Amino acid sequence: MNYYHHFTANEREKILLGIHSNLSIRSIAKALYRSPSSVSRELRRNQPVYSAVDAQVAYGLRRKKSKRKLILKNNELRTLIVDLITRLNWSPEQISNRLKHESNQFSISYNTIYRAIYSNNLGIKLKNHGSRGIARKLRHHGKTRHSASHIETRGKIKISNSIHDRPEVANNRCRIGDWEADTVIGKPGHSAIVTLVDRRSRYLLTAKVPKKTSIKVIPMMIQLLSKLPNNRILTITTDRGKEFAKHAMLTDTLNVPIYFPDAHAPWQRGTNENTNGLIREYLPKRTDIDNYSQSDIQEFASILNNRPQKVLGWKTPYELFYNKVLHLI
């Protein structure tokens, strides 16, 4: 390991003081914890009369000259790289290796090209504030690149219980009161629908919220479930969306455990996913839900709750949930 480091301005002042005190080079070096040869070279570099200030200035100039010149300061090379990326959609790696293959006069690593793109857009002024410039021409369209060890945290919420910890009686649909929850969105940024489906009976509770946010969704879930007896609210399994980030409110208010499925495993909430698909018959994707009232939403739910289902032995969700027999025909 190389422990060498350059003289500092303070050390140069001490060298000057040692010279004026008629100390030997060895004595000066010992006081600085330096080798005598290092002090000797420092004095030779700054002959004939040593000045700490002039020596520091000269050092700065030498350091500046010693640095490698930025290869992309070469206009010919930079123009070539910009053309290959923007016109032919070559990647920086393709450019770098092709230059080597052709034994071109220029040699540049693809990492250098990437750094230049992300630091100053290869020296080309951006058209507007916030634009990504040449990065948009890359194969990944300028999306943020991460290392292999990067763990995505955006959009993630802290979960309380895994679906694998859910009671077997809930998993097996042996009782009423185990709910699956999700939201159905229409036009992005507008109103959404909260959906709660009982796993055993497929009974649906739903309502409209002005925004798909946790501060709107969770209170609405509490409002919907609070109308039911306690023995009809035993567990809730929600999606991992950020609209359920405040799920602790549900547990605190209703004294009900919340379970979360594995990431990217919608089949673990299959009852709710299937019901949302039925709702889409009335509210297709990108429908502006702002145009529908709470009464409209409740009417859709009523239709589904009173529709006989094969999986229920041709009973309706309403009949099974409330243990009633309705004469619908």
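The values are calculated or read from the model by the stated rules, or taken from the named source; none is laboratory data. Not measured: the values here are computed from a predicted model. Glycine gets a Cβ as well: all are built from the backbone with ideal geometry, and neighbour counts include every protein chain shown. Accessible surface areas use protein heavy atoms only, side chains included; no ligands, DNA or RNA. Shrake-Rupley method; radii C 1.70, N 1.55, O 1.52, S 1.80 Å.
Within the range 49-62, work out how many residues are open to solvent by 90 Å² or more (accessible area, probe 1.4 Å) and either among the polar types (S, T, N, Q) or in contact with a strand residue (DSSP E or B) (Cβ under 8 Å, 6 or more places away or on another chain) (or both).
Going through the range 49-62 one residue at a time, the tally reaches 0.
Look through LYS100, LYS69, LYS65 and report the one residue that is loosely packed, with under 11 Cβ neighbours inside 10 Å, farther than 23 Å from ASN121 by Cα and under 54 Å from the mean Cα position of the chain (by Cα).
On the way: LYS100 fails: loosely packed, with under 11 Cβ neighbours inside 10 Å; LYS69 fails: farther than 23 Å from ASN121 by Cα.
From the options LYS100, LYS69, LYS65, the qualifying one is LYS65.
Of the residues in the range 173-217, how many are open to solvent by 10 Å² or more (accessible area, probe 1.4 Å) and of a type in the set (Asp, Glu)?
Residues that pass the stated criteria total 1.
Identify, from the list LYS285, LYS315, the residue that is modelled with pLDDT under 95, out of contact with any Phe, Trp or Tyr (no Cβ under 9 Å at 6 or more places or on another chain) and within 19 Å of THR206 (Cβ to Cβ). Let's see the steps before the verdict.
Details: LYS315 fails: within 19 Å of THR206 (Cβ to Cβ).
The conditions single out LYS285.
When only residues in the range 104-139 that are part of a loop (DSSP other than H, G, I, E, B) and open to solvent by 80 Å² or more (accessible area, probe 1.4 Å) count, which is farthest from LEU80 (Cα to Cα)? Talk me through it step by step, then tell me what you get.
In the first step, residues of the range 104-139 are kept if they are part of a loop (DSSP other than H, G, I, E, B); the result is 104-109, 124-132, 138-139.
Checking the rest, the ones that are also open to solvent by 80 Å² or more (accessible area, probe 1.4 Å) come to 105, 125, 127-129, 132, 139.
On the way: GLN105: 12, LYS125: 17, LYS127: 20, ASN128: 24, HIS129: 25, ARG132: 20, ARG139: 18 Å.
Result: HIS129.
Would you please name the residue that is farthest from ASP239 (Cα to Cα), looking only at residues in the range 154-172 that are open to solvent by less than 100 Å² (accessible area, probe 1.4 Å) and modelled with pLDDT under 85?
GLY155
Given the criterion out of contact with any helix residue (DSSP H, G or I) (no Cβ under 7 Å at 6 or more places or on another chain) and either small (Gly, Ala, Ser) or open to solvent by less than 40 Å² (accessible area, probe 1.4 Å) (or both), identify the matching residue among ILE297, ILE236. Reasoning before the result, please.
Working: ILE236 fails: out of contact with any helix residue (DSSP H, G or I) (no Cβ under 7 Å at 6 or more places or on another chain).
The conditions single out ILE297.
In contact (Cβ under 8 Å) with a residue 40 or more places away in the chain, open to solvent by less than 40 Å² (accessible area, probe 1.4 Å), under 25 Å from the mean Cα position of the chain (by Cα) and closer than 19 Å to SER191 by Cβ: is that true of PHE244 in this structure? Break it down stepwise before answering.
Details: in contact (Cβ under 8 Å) with a residue 40 or more places away in the chain: yes; open to solvent by less than 40 Å² (accessible area, probe 1.4 Å): yes; under 25 Å from the mean Cα position of the chain (by Cα): yes; closer than 19 Å to SER191 by Cβ: yes.
Taking the combined requirement at face value, the residue satisfies it.
What is the residue count in the range 308-328 for residues that are open to solvent by less than 50 Å² (accessible area, probe 1.4 Å) and among the charged types (D, E, K, R)? Outline the logic, then answer.
Keep residues of the range 308-328 that are open to solvent by less than 50 Å² (accessible area, probe 1.4 Å), which gives 309, 312, 316-317, 319-321.
Keeping just the survivors that are among the charged types (D, E, K, R) gives 319.
Qualifying residue count, the range 308-328: 1.
Where the second residue is open to solvent by less than 60 Å² (accessible area, probe 1.4 Å) and not in a helix (DSSP H, G or I) and the first is under 30 Å from HIS6 (Cα atoms) and among the β-branched types (Val, Ile, Thr) and lies in the range 66-79, which pairs have Cβ atoms under 6 Å and are six or more apart or on separate chains?
ILE71/ILE108
Open to solvent by 60 Å² or more (accessible area, probe 1.4 Å) and polar (S, T, N, Q): is that true of ASN274 in this structure? Talk me through it step by step, then tell me what you get.
On the way: open to solvent by 60 Å² or more (accessible area, probe 1.4 Å): yes; polar (S, T, N, Q): yes.
It is true that ASN274 is open to solvent by 60 Å² or more (accessible area, probe 1.4 Å) and polar (S, T, N, Q).
Does THR253 qualify as being among the polar types (S, T, N, Q) and open to solvent by less than 30 Å² (accessible area, probe 1.4 Å)? Walk me through it before giving the result.
On the way: among the polar types (S, T, N, Q): yes; open to solvent by less than 30 Å² (accessible area, probe 1.4 Å): no.
Spelling it out, it is not the case that THR253 is among the polar types (S, T, N, Q) and open to solvent by less than 30 Å² (accessible area, probe 1.4 Å).
Taking strands (runs of 3 or more DSSP E) that do not extend beyond the range 159-275, which have at least 1 residues that are under 23 Å from ASN305 (Cα atoms) and small (Gly, Ala, Ser)?
Working: elements: 178-185, 192-198, 204-209, 235-238, 258-260.
Here the list reads 178-185, 192-198, 204-209.
Mind checking which residues of the range 276-317 are part of a loop (DSSP other than H, G, I, E, B) and in contact with a His (Cβ under 6 Å, 6 or more places away or on another chain)? Walk me through it before giving the result.
Narrowing the range 276-317 to residues part of a loop (DSSP other than H, G, I, E, B): 280-288, 292-293, 306-309, 313-316.
Once the filter is applied, which keeps residues that are part of a loop (DSSP other than H, G, I, E, B) and in contact with a His (Cβ under 6 Å, 6 or more places away or on another chain), the range 276-317 yields only ASP288.
How about the range 56-103: which of its residues are in a loop (DSSP other than H, G, I, E, B) and under 30 Å from VAL39 (Cβ atoms)? Write out each step before concluding.
First, pick out the residues of the range 56-103 that are in a loop (DSSP other than H, G, I, E, B): 67-70, 74, 87-91, 102-103.
Residues satisfying the conditions are LYS67, ARG68.
Only one residue in ILE95, ILE28, ILE85 is touching a Gly at 6+ places or on another chain (Cβ under 7 Å) and surrounded by 13 or more Cβ atoms within 10 Å (Cβ to Cβ), so which one is that? Before you say what the answer is, go through the steps one by one.
On the way: ILE95 fails: touching a Gly at 6+ places or on another chain (Cβ under 7 Å); ILE85 fails: touching a Gly at 6+ places or on another chain (Cβ under 7 Å).
Of ILE95, ILE28, ILE85, the one residue that is touching a Gly at 6+ places or on another chain (Cβ under 7 Å) and surrounded by 13 or more Cβ atoms within 10 Å (Cβ to Cβ) is ILE28.
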